[in-house]
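Take a look at this one; I'll ask things after.
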């Protein structure tokens with residue numbers, strides 16, 4: 001038997017101790033149940049949160065600059081407010097496309113939602129696909145960044161069912177190397193040709209990746225106008241244009257790689273559809289083409305027979321040493337020229353140094369170059385000019401100097417020696433240690449001489465002064481007319497000034513008027529020829545060139561894309577306007593040889609007018 005004790009208080013209230021214990025146990029059980037329920041709900045919520053996935057999947061993490069990248073943003077629960085990354089360093093060529101997948105397997109539901117993008121790299125390098133953001137059940141989720149490596153152009157697999165492959169059979173970018181086994185420092189040329197089949201047109205192109213020519217001295221040859229020529233490629237008839245010519249001088253021996261040039265091209269390909277007149281309709285397709293890697297094997301120069309004074313000159317050269325005078329007075333100056341001329345690597349070796357008697361004061365030589373670079377390599381002359389001042393009378397020899405180079409024609413070394421030159425100083429102080437002696441004046445002891453300061457007088461230009469006869473001008477009619485003219489012109493000047501100030505304050509109006517005036521001036525000839533394809537695009541291109549000549553103050557011979565971009569950027573033109581202007585220039589070059597309608601010509605004319613107006617407003 002269980003006994004329960006009771007306790008009586010002074011107020012007369014009796015409390016059963018066992019009942020109190022039961023009440024306390026019941027409350028504790030309720031409290032524990034509440035805690036367990038809260039923990040279960042929080043665990044379920046946390047599990048639900050952790051079960052949500054939002055991630056980035058890419059088709060590949062390493063690709064060539066001529067390939068495409070697919071990026072998928074995948075989630076396993078539907079969300080809202082999707083925000084993709086910026087995709088800088090890539091061009092979005094497809095997407096976004098959205099797909100949803102719902103499936104039931106053994107009574108379990110599976111869900112996924114995907115946003116897909118197709119990207120084309122703008123250049124090579126190491127880049128990141130940034131974070132995408134989405135909101136799911138009121139919570140914001142972010143993907144992790146993904147690293148992508150973009151390399152030089154790669155060989156792509158050939159799939160006859162791929163539209164890109166079909167286009168690739170009609171357009172080829174080829175790098176032609178003049179010599180595959182040159183000597184060290186021998187000039188070779190790389191000519192880039194774009195071959196286009198007869199039934200295909202190219203309306204635009206831009207460079208995606210330029211070769212870096214590591215281990216070469218390089219120089220591009222400017223091409224003023226693209227000229228379409230007929231030729232064959234792999235036995236078939238093609239049209240082609242020469243896009244770039246580059247001269248290379250290898251600076252290392254062994255196998256050297258010439259990196260490919262990569263272009264993004266807008267191609268006009270025929271379709272099976274025809275217009276109302278029966279003509280076949282064309283379709284624009286973007287295509288990335290690249291000239292394949294080229295490898296050359298550079299031969300070292302032979303060690304046998306190499307002269308001691310050889311400094312790396314390779315080519316066909318002439319060498320001479322001349323002086324501006326052979327007889328002069330003491331403290332007068334003369335010039336001695338060391339000249340190497342011919343065809344070869346003129347910028348890549350040092351000229352021989354003159355060895356002169358110690359009795360002659362010699363200044364540091366002035367180096368001059370007059371060198372042109374064409375497909376045959378460097379041609380011209382390189383020279384050092386020494387200024388020499390004799391201090392005493394006597395005869396001073398300029399000893400013979402030798403110059404050695406490697407002759408490519410005979411594959412052997414050649415040495416040219418200059419003749420000894422005697423400088424005869426007739427008048428001036430006499431070296432007292434030299435007087436009465438027949439020894440070499442260069443070995444005598446010199447005595448300090450105070451010069452007159454006119455030792456360089458022979459290099460000065462003599463002024464030619466012409467006298468002017470005076471005549472009476474005071475109180476003549478012309479005198480009074482010129483005196484009163486300013487007072488008569490004051491009212492007219494005030495009126496003109498007010499008009500000019502009023503017009504000058506209209507900043508926006510002035511910009512618009514100036515832009516429209518330039519557009520009409522340079523584009524008037526092109527407008528007259530709309531409908532005549534070749535004549536129109538030739539006139540439009542000349543109009544754009546004339547506009548640049550007027551605004552940038554450059555000559556036609558200086559035209560190149562790099563030069564134009566540099567000058568326009570210095571003038572304050574933004575990047576979008578630069579790209580649009582270059583695309584228009586490229587379009588003019590190609591459109592003359594691609595199918596074009598009158599409507600397209602009118603569109604290009606309007607585009608040119610707008611671009612000129614935009615440039616004129618931005619150029620400072």
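Each reported figure results from applying straightforward, stated rules to the coordinates on display, with no laboratory input. Just so you know, these numbers come straight off a predicted model, no measurement behind them. Note that each Cβ is placed from the backbone with ideal geometry, even for glycine, and that neighbours are counted across all protein chains shown.
If r is the Cβ-Cβ distance from residue 224 to residue 497 and R0 is 51 Å, what FRET efficiency results, to the nearest 0.05?
0.65
Please state the equivalent ellipsoid semi-axes for region 163-298: what are the square roots of 5 times the Cα gyration tensor eigenvalues, largest first, in whole Å?
The three semi-axes for region 163-298 are 34, 13, 13 Å.
I would also like to ask the following. Going by how many other beta carbons lie within 10 Å of each one, how would you line up 425, 92, 108, 401, fewest first?
Taking fewest neighbouring Cβ atoms as first place, the list is 108, 92, 401, 425.
Ratio to report: Rg/Rh of region 54-151, with Cα atoms as the point set and Rh obtained by the Kirkwood method; give two decimals. Kindly include the intermediate steps, with their values, before the conclusion.
On the way: Rg = 14.7 Å, Rh = 14.3 Å.
Here Rg/Rh amounts to 1.03.
At residue 206 and residue 549, where each label point lies 7 Å from the Cα along Cα→Cβ, what is the point-to-point distance in nanometres?
Calculated label separation equals 2.8 nm.
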